[in-house]
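Asks: Shown below is the structure under consideration.
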Amino acid sequence: MKTKYIIIILSFFSAFSCIDDKSNIGLKEISTIEYVDGGLEPIYRVDKPDMLILGAPRVKQSYIEKPLQYEWQVDHKVVSTEDTLRYPCTRLTKPNELLNCRLKIYNDDGAIFQTFLLEVNANKEGIMIMSKYNGESLISFKRTDRLELPAIRDAYKINNPTIPLGKEPGTLYYDTKHVYVTTSNPTKAVILDIQTFNVTEILDLPAGSHITNISGHPYFTELCMLSNGKFYNYDIQSNFPFQSTWESFPADAKFSNKSVFLYDYTYFQMGYTLWEETKNELWIYLQSGITPYSLTGDKLKGKELLAIMPCYYTQNLLLAVKDNNSNISMVQYTPDKISPVYGGSPIPPLGQLIIKEIPASSNMNENSVFLTRSAESTTYYTKGNAVYMYDYIGGNFEPKPIIKIGNNEDQIVAMAFSPDETKLFIGVNSPSGNYKGSLYCYDATTYTLLWSETGMAGEIVSMIYKGDGTIQ
């Protein structure tokens, strides 16, 4: 019996001895994951509708190489489980918005994560065209920084399907943050985000108004709007922005649908220049609130305004006018120092008017479209499908057109410069075709065609070069 107990005790110790000998059997080595290099960038900026393509960063495992799996998230949603992300950037980010993104790389033993941000931009710089198509107002946009992308024919409706515009196109204007769009039938004016083209505000306009002109300067918060011969002031920062300044003007005053913002950098003075149709006078409305007054008196009596353009940067004006016999003259207006006395009355600047009659051989007519260079005495004007050049200081004409587009039936209806004036954009309406509006881009020095996009709009009514929001 004693022997039996001894055997049992020895067996017990022998069992513990076996456990000690085999203590490393059955344990699992963990393969942790770590990056070989720095991984992903902290932020990616992509243009709509490009594809964001990102390969997963190189990693290594600490023990044995185990199968790896991947999970990409954009805006907290899983969009891919491949090692390479291919994400179509169809959703625009709002101003100052960044999408939170995350990459997860994992195996059976664990995972590592890396976060990054995504910004999707669109509609940065380019030509914005308002046209009429199938009885509706159409807004088209062609990016000039990404020429491989086709023009967006209905850039407004795509982004604002539930906010229709009026059937009759009006005018376009932009500042550092917004694009202003006016239409009529019915009256509708909206403010768009400068890049997304989403409506940020609908303006409460007077019933029956038809805004035919918007002018201003991006440094200031006021805009001039002309409607049915009346002048309105729009304060961007006001809670009740659309207000008439009509009480400042004579009751019988009637203004044309053209206006230019006159700005003198030397004297830091600005004002809206208006053409009064009943008296044939050039008026100025100063932002200081001083009663507007005539700049030209009766010196242009009997003339009808065809065009008003800023020249010599924005300090002088160039006017195209015609008399009762359809004779055309170019009028250069150089104001004296405009120095209003705030809280009192200014000394009206007499200014200088230089009037030059234009010969019929110039091909300038009452349907011409005009465009001036800011730092040169050059103005461009059109006849039909041709562009001509005129030196308004020297009075010299280029006898032959510098540019001729398409067929004789085509009609140039709009021109615009790029901000640096190295490119000249020309909007043309053709007599036939489904989409009659086309856009041409020329070198503004050699006048050679750089590119064109035909059929990108309806019948063009107005056109602007829309910047990216940066003050030029």
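Derivation of every value follows stated rules applied to the coordinates shown; laboratory data play no part. None of these values were measured; they are calculated from a predicted model. Positions of Cβ are generated from backbone atoms using ideal geometry, with glycine treated the same way; all protein chains shown enter the neighbour counts.
Asks: Once you charge only the Cβ atoms, +1 for Lys and Arg and -1 for Asp and Glu, what is the size of the charge dipole of the stretch 99-178 about its Cα centre, to the nearest 20 debye?
Replies: That gives a dipole near 260 debye.
Asks: Quick one: grab the alpha carbon gyration tensor of the stretch 32-183, order the square roots of its eigenvalues as a ≥ b ≥ c, and give me rounded if a/c is under 1.5, else prolate or oblate depending on whether a/b is larger than b/c.
Replies: prolate
Asks: With unit charges on the beta carbons (Lys and Arg positive, Asp and Glu negative) and the dipole taken about the Cα centre of the stretch 33-121, which residue among L117, N96, Y63 sits farthest to the positive side?
Replies: N96
Asks: Additional query: Tell me the label-point distance for the pair Q61, W451, using the 7 Å Cα-to-Cβ offset, in nm and rounded to one decimal.
Replies: The two pseudo-label positions are separated by 4.7 nm.
Asks: Taking the stretch 33-121, how much of its Cα-Cα pair set, in percent, is spaced more than 23 angstrom apart?
Replies: 24
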